[in-house]
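Quick notes on the structure that follows.
The values are calculated or read from the model by the stated rules, or taken from the named source; none is laboratory data. Not measured: the values here are computed from a predicted model. Virtual Cβ from ideal backbone geometry, glycine too; neighbours counted across all protein chains shown. We work out accessible area using only protein heavy atoms, side chains counted, and drop any ligands, DNA or RNA first. Shrake-Rupley method; radii C 1.70, N 1.55, O 1.52, S 1.80 Å.
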Amino acid sequence: MNCSEIREEYGAYALGIAEDPERSEIAAHLARNCAECREGVSDAMATAGLIAAAVKFQKPPKHLRERVVGMVDRKKHHSWMWSLLPWGVVAVLSVIILAISIPAERQNRDLEKLDAVLSIVNDPTTKDVTFGEPAKQSKGRIFVSGKGVVFIGASLPKVDPGKTFELWVIPATGKPVPAGTFDTKGDSTAVYLYNGSTAGAAAIAVTIEPDGGSPQPTTTPFIVTKL
Amino acid sequence: MTFTGIILALDMSGQPDAELARQLQKRDPEAMGKLYDRFGRVAWSVIVAIVRDESIAEDLVQETFLRVWNRIHAFEPGKGALGPWLLAIARNRAIDHLRSVGARMDRNSFELDVREHPSLFVTMDRDVVNTDHARVIRQAVARLNENQQKVIELAYYEGLSQTEMAERLGEPLGTVKTWVRTALKHLRDELGEAAVTA
């Protein structure tokens with residue numbers, strides 16, 4: 001489509017409500033730096049953006065500022081994380097407790113794993129996204145850095161025998177990249193570390209796959225978190 | 001005066017985005033505090049208005065600010081508008097949440113959302129949170145006709161696609177598209193005029 005055919009949808013695109021084929025066409029024009037579409041969409045975004053100011057202003061809770069700043073302030077990082085993730089803390093602590101009570105060789109492996117987890121969680125450039133909600137199945141947090149992914153999940157669904165969870169790194173374009181399989185601890189929680197490339201990752205997803213994992217997803221992801 | 005010129009003329013914040021953006025690009029945690037102080041309240045208000053759940057809104061506000069922090073290097077100090085960019089991200093996070101809860105995740109959910117690229121937020125009113133401007137904008141929205149207000153509400157606060165709106169309202173898709181288009185055009189025209197007299 002040329003610019004004149006998609007011009008009328010700039011506003012809908014700016015509001016995020018345009019549909020294919022116009023949405024894909026506008027995205028493609030923007031991707032190739034089409035000056036006319038860039039100016040038109042930018043202008044439409046200006047209008048759409050002003051609608052935010054029409055909202056009734058409300059005061060956020062006081063502790064939210066600390067949470068937000070704490071994400072990037074190493075001095076405060078632990079405090080917000082601990083307060084936010086009681087079950088996550090339990091999971092991490094369980095790794096530590098396990099490490100204390102197991103043979104030295106495995107203890108070393110688990111401590112290395114814990115160290116890798118904390119290095120991702122503590123990295124100020126790490127992307128930190130949540131999924132799920134308190135009342136729903138499957139909730140948790142995913143930390144993604146250049147070093148890998150830390151997945152912390154609770155209330156995960158039960159899987160049939162012979163099945164397992166598989167994590168996927170989803171690039172902006174191209175096929176999902178398999179990032180390993182994991183299982184729950186029997187109490188529907190899981191902490192999983194993927195030590196691998198996340199270059200170009202646009203989303204993280206989790207599917208249920210046959211034991212051993214699949215090279216490409218064979219089921220619809222039950223968790224998808226955009227980064 | 002062009003619309004772009006008008007909205008640039010609305011910029012009375014006195015605190016240049018460029019300075020704060022450079023501070024953020026230097027990974028200064030204090031800059032995150034300043035960013036929150038400037039836009040935390042309006043980001044919270046937008047997100048709460050969409051998700052209507054304060055505990056979820058807290059997570060989404062956090063995600064919003066983290067996303068700005070992670071993508072600030074794509075922001076060109078002196079050219080971009082931090083507030084509108086951040087508010088677009090806030091609104092997108094909230095709409096994404098609604099869509100995921102309602103199993104309405106669209107098929108392009110894996111695509112990097114080009115609509116959030118800072119380069120698209122270069123010709124905007126940087127001071128959208130100013131009380132006087134907010135009043136002017138509310139009045140402009142209130143002057144839309146009933147159908148136009150409805151589609152703007154369904155689009156902005158519920159993220160319904162035009163097809164979904166047509167189904168919800170029992171109207172032809174073409175009619176809904178026209179309402180959306182004319183609503184935005186009226187807002188654009190109204191806010192231009194209103195801004196001159198504000």
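Observations on the structure shown:
- The condition (being open to solvent by 50 Å² or more (accessible area, probe 1.4 Å) and not β-branched (Val, Ile, Thr)) is satisfied by just one residue among A:PRO176, A:PRO161, A:PRO157, A:PRO171: A:PRO161.
- Filter result (within 11 Å of chain A (Cβ to nearest Cβ) and in contact (Cβ under 8 Å) with a residue 12 or more places away in the chain) within the range B:132-151: B:ASP132, B:HIS133, B:VAL136, B:ILE137, B:GLN139, B:ALA140, B:VAL141, B:LEU144, B:GLN149, B:VAL151
- Test: residue in the range B:26-43 that is over 17 Å from the mean Cα position of the chain (by Cα), over 21 Å from A:PHE57 (Cβ atoms), free of Cβ contacts under 8 Å to residues at least 12 places away in the same chain and open to solvent by less than 40 Å² (accessible area, probe 1.4 Å): yes
- Enumeration of residues in the range A:184-201 that are open to solvent by 50 Å² or more (accessible area, probe 1.4 Å) and under 17 Å from A:THR173 (Cα atoms): A:SER197, A:ALA199, A:GLY200
- Hits in the range B:44-56 (condition: at the interface with chain A (Cβ under 8 Å from one of its Cβ atoms) and in a helix (DSSP H, G or I)): B:TRP44, B:SER45, B:VAL46, B:VAL48, B:ALA49, B:GLU54, B:SER55, B:ILE56
- Taken residue by residue, the range B:57-78 has no member that is at pLDDT below 90, within 27 Å of B:LEU191 (Cα to Cα), more than 10 Å from chain A (Cβ to nearest Cβ) and assigned to a helix (DSSP H, G or I).
- The residues of the range A:1-26 that are open to solvent by 20 Å² or more (accessible area, probe 1.4 Å), assigned to a helix (DSSP H, G or I) and at the interface with another protein chain (Cβ under 7 Å from one of its Cβ atoms) amount to a single one, A:GLU8.
- Qualifying residue in the range A:202-210 (condition: of a type in the set (Ser, Thr, Tyr) and surrounded by fewer than 20 Cβ atoms within 10 Å (Cβ to Cβ)): no
- Hits in the range B:152-167 (condition: more than 9 Å from chain A (Cβ to nearest Cβ) and surrounded by 14 or more Cβ atoms within 10 Å (Cβ to Cβ)): B:GLU153, B:GLU158, B:ALA166
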